[in-house]
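Read-outs throughout are calculated quantities, based only on the coordinates presented, and are distinct from any laboratory measurement. In this text, all values refer to a predicted model and were calculated from it rather than measured experimentally. Here the Cβ positions follow ideal geometry from the backbone for every residue, glycine too, while neighbour counts run over all protein chains shown.
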Amino acid sequence: MSIMLFGKRNRRRKEPRERGLPQLPWRSIALWTLTPFAVAAGLYALGLALDQPVRVIAVEGPFQRVSAVEIEKAVTGSVRGGFLSVNLERVRLAVQAIPWVDHAAVQRRWPAGLKVIVEEQVAAARWGDSGLLNVRGELFMTDARHVPPELPRLDGPPGSEPEVANRYLAIQGRLVEAGLRVSAVRLDERGAWELDLANGVSVRLGRRQVDERLDRFLEAAVPLVTERATDI
């Protein structure tokens with residue numbers, strides 16, 4: 001018979017681990033942190049390199065009333081900064097401030113130029129002695145050097161330009177069908193309307209029931225006016 005004796009095992013005491021900073025990938029963290037700043041700095045340097053002074057100004061338009069030299073002068077006087085930093089809206093407003101310019105568009109043209117597309121005003125009527133109205137009834141020039149004599153003359157109190165222009169268009173559209181042409185439309189301070197025909201006849205429409213009076217004129221007077229114009 002064999003007897004086995006069991007004794008207590010000697011247990012080693014675990015020494016406490018030293019506490020310290022965790023082992024982190026500091027190099028990767030540094031790269032991730034610095035990379036955005038490096039990219040931003042690179043883009044900034046690239047922007048400075050590309051922001052060259054504007055050297056070329058290309059202008060497109062009909063140039064019947066406005067000259068390309070006049071437009072280039074307005075662009076040059078409004079440019080601040082270089083090709084990338086120039087304020088296109090500032091340049092556009094400077095070009096549109098030219099009296100005969102109705103609309104302007106400004107674009108960048110690589111590598112150091114600007115392209116300006118211009119649409120001129122279309123004079124549809126005279127306003128008073130030296131003013132001009134466009135096709136929208138807007139007074140775009142108050143002291144024109146040259147007023148086309150073939151344009152109809154419109155008159156009215158200050159601020160009544162759109163109202164008088166709309167009245168002219170409505171009257172002219174109806175008289176054209178009768179073979180007549182309006183040469184002038186006037187609105188006085190009291191609100192009374194009067195129009196002149198190209199054949200020398202003047203028609204007073206008054207302040208009230210203007211459309212009804214125009215209808216009566218067209219029904220009764222147009223045949224007589226047409227006959228008179230034929231005799232002349």
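Relative to a virtual label point 7 Å from the Cα of Ser160 in the Cα→beta-carbon direction, which members of region 174-190 show backbone nitrogen distances below 11 Å?
Within reach of a label on Ser160, which here means backbone N under 11 Å from a point 7 Å along Cα→Cβ, region 174-190 contributes 186-190.
Can you give the extra length, in nm with one decimal, that the chain gains between Asn199 and Asp129 once fully stretched, where that is 0.36 nm per residue apart less the Cα-Cα distance?
Extra length available between Asn199 and Asp129 comes to 23.1 nm.
For region 101-136, which trypsin sites (Lys or Arg not before Pro) are both in a DSSP coil and crowded by at most 15 other Cβ atoms within 10 Å?
Arg136
Let's see if you can work this out: charge +1 on each Lys and Arg Cβ, -1 on each Asp and Glu Cβ, no other charges. What is the dipole magnitude of region 146-216 about its Cα centre, in debye to the nearest 20?
Rounded to the nearest 20 debye, it is 200 debye.
Which ³J(HN,Hα) values in Hz, rounded to whole numbers, follow from the phi angles of region 130-146 under the Karplus curve 6.51 cos²θ - 1.76 cosθ + 1.60, where θ = phi - 60° and Gly and Pro get x?
9, x, 9, 10, 8, 5, 9, x, 9, 7, 9, 8, 9, 9, 6, 6, 10
Under the rule of at least 5 residues apart or a separate chain, name every residue whose amide H is placed under 5 Å from the amide H of Gln121.
Val101, Asp102
Can you give me the long-range amide H partners of Trp127? Hydrogens built in the peptide plane at 1.01 Å from N, cutoff under 5 Å, separation of 5 or more residues or another chain.
The answer is Leu132, Leu133, Leu154.
So what J values fall out for region 120-127 if you push phi through Karplus, 6.51 cos²θ - 1.76 cosθ + 1.60 with θ = phi - 60°, rounded to Hz, Gly and Pro as x?
Running phi through 6.51 cos²θ - 1.76 cosθ + 1.60 with θ = phi - 60° gives 7, 5, 10, 6, 9, 6, 7, 10 Hz.
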